[in-house]
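Working notes for the structure below.
The values are calculated or read from the model by the stated rules, or taken from the named source; none is laboratory data. No experiment lies behind these values; they were computed from the predicted model shown. Don't worry about glycine lacking a Cβ; one is built from the backbone with ideal geometry, like all the others, and counts go over all protein chains shown. Remember, those area values only see protein heavy atoms, side chains included, never the ligands or the DNA or RNA. Shrake-Rupley method; radii C 1.70, N 1.55, O 1.52, S 1.80 Å.
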Amino acid sequence: MRKALRWLLSLVVLIGTVSATGTATATAVVPADKDRDIKDRILAIPGMTLLEEKPYPGYRFFVLGYTQPVDHRDPARGTFQQRLTVLHKDTARPTVFYTSGYELGTRPWRSEPAAIVDGNQVAMEYRFFSPSRPEPADWSKLDIWQAASDQHRIFAALKPLYDRKWLATGVSKGGMTATYYERFYPRDMDGVVAYVAPNDVVDKEDSAYDRFFTTVGTQECRDRLNAMQREALVRREPLQKKYRAWAEETGATFTTVGSLDKAYEAVVLDFVWGFWQYHTEAECADIPDAATASDQTVYDTIDGYSGWSYYTDQGLEWAVPYYYQAATQLGSPSLRMDHLKGLTRYGYQPARAFVPRDVPLPRFQAWAMRDVDTWVRTRARGMLFVYGANDPWGAERFRVDRGARDSYVFAAPGANHGASVSALVEAERAKATARIQAWAGIAPAPVRTVPGLDKRTLVREQTLRP
């Protein structure tokens, strides 16, 4: 990794440029006086503004805005303000760069890698998630390279201040984001910890998900879940009356998905997936017996695990950037669902069905995920992928082959989409913790937890998105 230059008189200046190959680069002039308050040093970075500072014992926490180019290949095409946070502990500690792949949480907290290395944490809001959206929105500039270039510029701006080792991390789409960042800017980070990151290499080939749902858990549990899902479609007419009454009462509309009937089926089809994504096999006993359940019980059970509000226009609005990317580069899952034959009208709808018609959608770029997958398998360096063995998103996961070095794929037994290093079996947990600490340049040490600060945040609004 590049070492920060010291004792220069100028503060950080970050200017985005473009090389002849179209790769975003950045130039930085390093700050001089390390005795200045860290807030002053951060705000001396051109384009950086303070939105809020929140107190937390033992830390400094800043919510910031940073000026980014809409198009890193052509910075003259305008800028937008991207939100980020800095949880500052000490410039002498390593720094973890966290991305959710979605909106940004603005409360102080530490990801698991930040706790393992007892370091600082920078978190970035993904471009096009509100309020980090260019106006007007040129959706063609929402892709994995542009987002990785956002992250690269933030790193280049802050690296002179936080000049020790850096790790990238993220959960689900955030784990995907950390992986794509490493693929495009492999010299920035010293290590990557990607949690529960789906890897849809071939979008049209989703048999791995079908195999998952016929083998996960016990047959008894699978039968119980499938029966409830089937019952919701058998009782479509009376349950839709409840759904329609709720929609009229709340003002919910269905323009994007097309109709209340399509939204109804989409929510029902999410039910089994949602259970395994966020719950455990032990909770299967909480699912009512479908054969004897009342209409209200079936309706409430589906709502509790899928959410009737999600496929409304109001529920989908915030997630449009995700569905845009799923429809153009990331891919999305589809299932056969043999136990529902004769009951479904639409099946698993593609991601583009959840993007408003006024957002232009280019052709799906099938090469994008193949490129990342090949790079990870053959050129990964210092990468750790953590999955939950009972998480449907882990059915299609990243792999590391012979060309990869010091890279690992581990799965926590019985874990769902909240899988963590701490949930791994003992030998893998010890190995993962040791490698994370080594990549961060620190001696092996016990993980220091901070009550109320260390936590994992999982967005529950929708089941069929990572």
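Over the residues of the chain, the helix contribution to mean residue ellipticity at 222 nm works out to -9000 deg cm²/dmol, using -39500 (n - 2.57) for each DSSP H run of at least 4.
Of the beta bridges in the stretch 71-165, as assigned by DSSP with both residues counted there, near 45 percent are antiparallel.
Annotation: amide H-H contacts under 5 Å for PHE254 (H modelled 1.01 Å from N, sequence separation of 5 or more, or interchain): ASP313.
Quick one: divide the alpha-carbon radius of gyration of the chain by 2.2 N^0.38 Å and tell me what you get. All intermediate terms of the calculation are to be shown ahead of the outcome.
Working: Rg = 22.8 Å, N = 466, 2.2 N^0.38 = 22.7 Å.
That works out to 1.00 for the chain.
For the stretch 345-457, the calculated P(r) over all alpha carbon pairs, in 10 Å bins from 0 to the bin holding the longest distance, is 11, 28, 32, 18, 9, 1 percent.
Gain on full extension, evaluated as 0.36 nm per residue between GLU220 and TRP246 minus their Cα-Cα distance, stands at 6.1 nm.
For the stretch 77-160, dividing the convex hull volume of the Cα atoms by the residue count gives 95 Å³ per residue.
The fraction of accessible area contributed by carbon and sulfur in the chain is 51 percent, rounded to a whole number (1.4 Å probe; ligands and nucleic acids excluded).
Longest segment of the chain with no trypsin sites (Lys or Arg not before Pro) in a DSSP loop having at most 10 other Cβ atoms within 10 Å?
4-186
Using alpha carbons only, how many angstrom separate the centre of the stretch 408-447 from the centre of the stretch 42-105? Using only Cα atoms to place each centre, the spacing works out to 27 Å. Considering the stretch 244-326, its Cα convex hull presents a mean projected area of 6.3 nm². Extension gain for VAL234-ARG381 works out to 47.8 nm (0.36 nm per residue, less the C-alpha to C-alpha distance). For the stretch 328-372, the solvent-accessible area of protein heavy atoms averages 57 Å² per residue (probe radius 1.4 Å; ligands and nucleic acids excluded).
Extension gain, GLU426-THR106: 0.36 nm per intervening residue step, less the Cα-Cα distance, totals 111.9 nm. Note on LYS89: lysines with a C-alpha under 19 Å away, same-chain residues under 8 apart excluded, are LYS34, LYS39, LYS54, LYS159, LYS165, LYS455. Shape analysis of the stretch 167-292 yields a ratio of the Cα radius of gyration to the Kirkwood radius, Rg/Rh, of 1.08. Take every DSSP beta bridge whose two residues both sit in the chain, then give the antiparallel share in percent to the nearest 5. Percentage antiparallel, nearest 5: 50.
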